[in-house]
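The values are calculated or read from the model by the stated rules, or taken from the named source; none is laboratory data. A quick note: this is a predicted structure, and the numbers were derived from the prediction, not measured. Here the Cβ is made from the backbone with ideal geometry for all residues, glycine too, and neighbour counts use every protein chain on show. Please note that ligands, DNA and RNA were not included when accessible areas were found on the heavy atoms of the full protein model with its side chains. Shrake-Rupley method; radii C 1.70, N 1.55, O 1.52, S 1.80 Å.
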Amino acid sequence: LRDNRIELVRASWHELSISVSDVSLSDEGQYTCSLFTMPVKTSKAFLTVLGVPEKPQITGFTSPVMEGERMQLTCKTSGSKPAADIRWFKNDKEVKDVKYLKEEDENRKTFTVSSTLDFLADRSDDGAVVSCRVDHESLNSTPQIAMQVLEIHYTPLVKIISSNSWPEEGQTIILTCESKGKPVPEPVLWTKDGGELPDPERMVVNGRVLSISFLNKTDNGTYRCEAKNPIGRNSTEYVLIVHDVFNTLLPTTVIPSLTSATVTTTVALTASTTTSATATSTRDPNALAGQTGPDHALIGGIVAVVVFVTLCSIILLGRYLARHKGTYLTNEAKGAEDAPDADTAIINAEGSQVNAEEKKEYFI
C-alpha cells in the first residue's frame, strides 16, 4: 500500500497495524496481510465504507400559497450508501402518504434519495412547520432535518356573538363580529335587512362591535356582518327578535266584613324574566306532564296581603263595638227630673204631652 493517508502504526514479528485517515469510498475493498514464511501465510478482511448523506433540502414551496391550491414539496439528499430513509412530519405528526424515489449516483456507489409530499393547502396549515428527516446508519442516531414554515392566504371567516340570548324591550344588546383571515381583513360592514342601519343614534358601531340601546320592536330584523381582504369576502347573519317585558296582574281579592265597609285590595306584580340558552328548569318528578310547580314566593306574598287586610278589618270592627250608643231626653221631658212622682213630672213637662216619645240619637 502506497498512500500518504495510510500510516504504519505497529510492526513486529507478531503484529502489523496500519491506519487510514480521511476515508473515502475508494478505500472500500479487500485488504490482505501476508507473513513471508515458507510457505507464505495470509489473512484477508473486507472494508466497507458508508456514504454519509448530504444535508437535505426542501424545494417546491412558493410563498404565499392560496387556500385550495395544490402543494408539492420535495425533499432530496445525495451521497448516501446504502440509500438513506426519508420521513415527513407536519407539526411533529408524521405524514405517511408520500412518494419515495431512489437513484444511483454517477460513481455507481452512492444513492440520491428524494421524497414528495403532495396535498391541498388549507387555512389550518397556515403557520404549520413541515419537516423532512433523513435517517442513516452513518449519522449515529442523529438525523439530518430540513424545515419549512407554510404561509397560506385565505378568505375571512366571520362569526357573530351576541351578549344577550333573550333580548327584551328597553335593554341593550351588543353584537360582536369576529373575522379571521390572511391577510388581516379590513374593518367589517354592518347592515340591517340589506340596507344601512336605520337609527345611528341608538345603533353605534365601534370597530367590529355593534351596540343597540333601548331595544324596541322596530329593531327586529336580520343583521349582517361582512368582512373582506384581498383574497375575497365573507359574511354571516344574526336574526334579532325583541321580546316583550312580562307583566303579571293578580285578580282582585275582596275581604268580607261585618260592617257596611268593603275592603278591596289589588296587588300587581311585575316580573322580568331573562332566558338563557343554558338555563334548565327543575320540576317535581311526581307532577303530571304539562303542570308546573307552585311559585312559593308569589303564594307567600298573597297570604301576607290577606293577613294584613284581615287585621285592618278586625281593628275597625273593634273600634265600632267599643263605642256605645247614647240617649238623652227630649225637650218635652225636661223638668221631670226633680218631680216627686210621675204625675207631677208629667204636669211639669213642657207642652204637657203625656204620650211624647223619647227621641233617640246614635253616634257612630
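The table below lists the values:
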item	result
Compactness index (Cα Rg / 2.2 N^0.38 Å), region 155-240	1.08
Restraint check, Lys44/Lys109; Lys99/Lys159; Lys93/Lys182; Lys55/Lys93; Lys90/Lys228; Lys55/Lys99, Cα-Cα greater than 31 Å	Lys99/Lys159
Region 120-134 - phi-based ³J(HN,Hα) in whole Hz, Karplus 6.51/-1.76/1.60, Gly and Pro as x	8, 5, 10, 4, 5, 7, 5, x, 6, 9, 9, 10, 10, 10, 10
Euclidean distance of C-alpha centroids, region 48-82 and region 106-170, integer Å	15 Å
Exposure rank, largest accessible area first [Cys132, Cys312; 1.4 Å]	Cys312, Cys132
At most 12 other Cβ within 10 Å, DSSP loop - trypsin sites (Lys or Arg not before Pro), region 53-150	Lys96, Arg108
Global size of region 6-47 as Cα Rg and Dmax, reported in angstrom	12.1, 36
Per DSSP, loop GluC sites (Glu not before Pro) in region 1-65 with at most 13 further Cβ within 10 Å	Glu15
Ratio Rg/Rh, restricted to region 135-192 and using Cα atoms, in which Rh is the Kirkwood radius	1.45
Distant-in-sequence amide H partners of Gly181 (H built 1.01 Å from N, under 5 Å)	Leu157
Region 1-97, Rg to Rh (Cα coordinates; Rh as Kirkwood inverse mean 1/r)	1.30
Quotient of C-alpha Rg and 2.2 N^0.38 Å, computed over region 57-150	1.15
Sparse-neighbour loop sites [GluC sites (Glu not before Pro); region 148-252; at most 12 other C-beta within 10 Å; DSSP]	Glu196, Glu201
Size of charge dipole - region 155-240 - debye, nearest 20, with Cβ of Lys, Arg +1 and Asp, Glu -1, no other charges	460 debye
Accessible surface of region 57-150 [probe 1.4 Å, protein heavy atoms]: carbon and sulfur percent	45 percent
Net charge contributed by nearby residues that have their C-beta within less than 12 Å of Ser179 (K/R +1, D/E -1)	+3
Estimated vicinal HN-Hα couplings, Hz - region 177-189 in sequence order (Karplus 6.51, -1.76, 1.60; Gly, Pro = x)	9, 8, 10, 10, x, 9, x, 4, x, 6, x, 6, 10
